[in-house]
Amino acid sequence: MSPVTLLPFIVLIGAMFLMTRSAKKKQKQAADMRNEMQPGSGVRTIGGMYATVKEVHDDAVLLDAGPGVHLMFAKNAIGAVLTDDEYNRIVHGEEVVGDDELTNDAVVPDDASSLTETDADDSRIDLGKKDEAAEDVEAEKAEPAEKAEKADDVEVKKTDGESDAK
């Protein structure tokens, strides 16, 4: 066989090797994270439940989900081990106090009118609607006379029950 015919197979095998290598690397990182769990650390399960680790066993973890609520989970069901700050922020709603300029100097206005600044006076802009309004008033005055003339020209239509036959 020539090397040209083997090239697609070599490329395919190389791609499969790289894909399985990255998947194995992620699995190893997740296993290391789960093995580093200690009692007292905050975790998030793969189902999205937040709890505190109470006991760690070989293949299982006992979690404290609230006062008097203890749950046994498999280690594989732990999605993430959280830092103390992150766990307290999510579960207890505690904000991390820092020197962030956005949180310290933030001013929230009471209404939306203070969000727009205008230096112009309060005069309204004329968009030419006055001329149109005057024409409308004149048309309304002329309409009753035109309606009366049109009413005389219109023939009375017969309904289904009426006929001209005698």
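Some observations on this one:
- Where labels lie 7 Å past Cα in the beta-carbon direction, separation of Thr5 and Glu95 in nm: 7.1 nm
- Stretched out straight at 0.36 nm per residue, the stretch from Ile46 to Gln27 would grow longer than its current Cα-Cα span by 5.4 nm.
No value in this document is a laboratory result; all are computed from the given coordinates. For clarity, every value in this text was computed on a predicted model and none was experimentally measured. FYI the Cβ positions are ideal-geometry reconstructions off the backbone, even for glycines, and counts take in every protein chain you see.
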